[in-house]
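Here's the structure we're looking at; comments come further down.
No lab work stands behind these numbers, since they all come straight from the coordinates. These figures come from a predicted structure and were not determined experimentally. Glycine gets a Cβ as well: all are built from the backbone with ideal geometry, and neighbour counts include every protein chain shown.
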Amino acid sequence: MSTSPPTLDPIRRLVLAFSRLPGIGEKTATRLTFYVLNAPDDVARELSSALGDIRDRVRFCSVCCNLTEADPCRLCADPRRDDRVVCVVESVPSLLAVERTGEFRGRYHVLHGVLSPLDGIGPEALHLKELVSRVAHGVEEIIVATNPSVEGEATALYIQRLMRPLGVKVTRIASGVAVGSDLEYADQVTLSRALAGRREM
């Protein structure tokens with residue numbers, strides 16, 4: 001006679017749920033669980049409601065693949081932005097980082113990942129088809145703002161090859177020595193990039 005597995009008590013269940021989040025170990029998950037347990041009722045209700053909303057109401061923007069409730073997203077719907085320049089980023093946090101600078105007034109495109117054959121992530125797993133389809137609508141420059149990692153560089157080169165037959169200018173964000181850091185501690189790749197990306201003063 002088979003028996004059903006024992007049901008976890010609510011505290012243990014929430015600890016396990018929190019611990020499944022990236023960067024959250026069991027100690028932090030336990031601390032968060034007891035915070036929610038001891039907080040006013042509205043904290044738990046708001047957390048539950050927000051978790052439900054983010055799954056039910058957030059979707060991909062049909063233009064740039066940003067995560068949004070409204071479609072198109074607020075950045076794509078903003079008529080003040082320049083349609084001729086598209087900044088390609090790996091993720092929504094990367095988009096937000098570029099946007100926080102206040103320096104970029106073009107459009108965005110979110111890949112939701114980078115090429116990583118070892119992890120089974122090929123071009124078809126990224127939102128590259130959507131990027132290609134946007135080029136036909138007056139895009140003149142693609143700025144590739146992927147991270148300066150092996151995967152980010154591979155993705156940048158792939159996008160460059162993808163755009164070459166379409167006659168679109170492809171540029172790469174500069175990377176190099178961080179402000180306030182010492183040259184003696186910079187690695188060889190960082191220094192090479194800083195020298196290659198030098199500009200006239």
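The table that follows gives values for the structure above.
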| quantity | calculated |
| --- | --- |
| For the chain, cysteines whose Cβ has no other cysteine Cβ within reach (under 4.7 Å) | CYS64, CYS65, CYS76, CYS87 |
| Loop-located trypsin sites (Lys or Arg not before Pro) in segment 98-160, at most 12 other Cβ atoms within 10 Å (DSSP) | ARG105 |
| Within segment 57-91: backbone nitrogen closer than 12 Å to the SER49 label point (7 Å, Cα to C-beta) | none |
| Inter-part distance where segment 122-192 and segment 57-116 are each reduced to a Cα centre, Å | 15 Å |
| Positive-pole candidate from PRO123, ILE54, THR190, dipole of the chain, charges at beta carbon | PRO123 |
| Rounded to the nearest 20 debye, dipole of the chain from Cβ charges on Lys, Arg, Asp, Glu | 300 debye |
| Neighbour-count ranking [beta-carbon atoms within 10 angstrom, fewest first] of SER149, SER19 | SER149, SER19 |
| Residue-span extension gain [GLN188 to HIS112] - 0.36 nm each, minus C-alpha spacing | 24.5 nm |
| The chain: angle of helix 41-57 to the longest principal axis, Cα-based, in degrees nearest 10 | 50 degrees |
| Karplus-derived HN-Hα couplings along segment 152-166 (A = 6.51, B = -1.76, C = 1.60, θ = phi - 60°), whole Hz, x at Gly and Pro | x, 5, 4, 5, 4, 5, 5, 5, 4, 5, 5, 8, 3, x, 8 |
| Packing-based exposure ordering (other Cβ within 10 Å, fewest first) of LEU21, LEU14 | LEU21, LEU14 |
